[in-house]
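A.B. asks: Got a structure for you, written out below as structure tokens; questions coming shortly.
Throughout, read-outs are computed from the coordinates displayed, never taken from laboratory work. As the structure is a computational prediction, the values presented were derived from the model and not from experiment. Cβ: placed from backbone, ideal geometry, glycine included. Neighbour counts: every protein chain shown.
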Amino acid sequence: MTPVLLLAAGKESAEVTDWAARIGWVVGLALFVALVYWLMREGWKWRGTLQGDLPELPSAPDDPGPARLSMSGRYHGSTTAGQWLDRIVAHGLGTRSRAELTLTDAGLDVVRPGANDFFVPVAALREARLDKGIAGKVLTEGGLLVVTWEHGDKLIDSGFRSDHAVEHNEWVETLNDMINKTETEGAR
């Protein structure tokens, strides 16, 4: 055998002799991680405070009419329209969750188990498109259904991903047809 292999075969790791220093480093690291999480939580709460001027989210009407489309999937969050990294966290809009979307003649109903549900009246809808990302979620091109809507004086982009991505194109076409029809009727 070569001398290098003999040396490596005879080496063992050294025993830990300074337990106090080891425990101190572990506790210090744990405190650092806890501090980082606390700072992130405070930043999230501060963003919600800054967005406090956003009105309460509308709820679905008692009788929205028959469903034109429905979809189950995930809600990935909402951002200021055109600024895909400016997440909106007020009123629970920043909370990712499962979602059940139902499109009726009255608007878009978003039911989110474990998070605040909301309703977008058809008059508030502005655009639907396929995109590749929204704050915190990036997918392949066209992997995300993004619905632009107006709430108060703010335009909002909300991102959804269906359990069956082939549904996205139908949603974009139907939503944009409804929006164009509403704008045409409103211009008369």
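A.B. asks: Which ones in the range 96-145 are in contact with a Phe, Trp or Tyr (Cβ under 8 Å, 6 or more places away or on another chain) and of a type in the set (V, I, T)?
C.D. replies: V110, V120, I134
A.B. asks: Among the residues of the range 80-91, are any touching a residue at least 12 places away in the same chain (Cβ under 8 Å), basic (K, R), over 21 Å from V172 (Cα atoms) and touching a strand residue (DSSP E or B) at 6+ places or on another chain (Cβ under 7 Å)?
C.D. replies: So far as the range 80-91 goes, yes, one or more of its residues are touching a residue at least 12 places away in the same chain (Cβ under 8 Å), basic (K, R), over 21 Å from V172 (Cα atoms) and touching a strand residue (DSSP E or B) at 6+ places or on another chain (Cβ under 7 Å).
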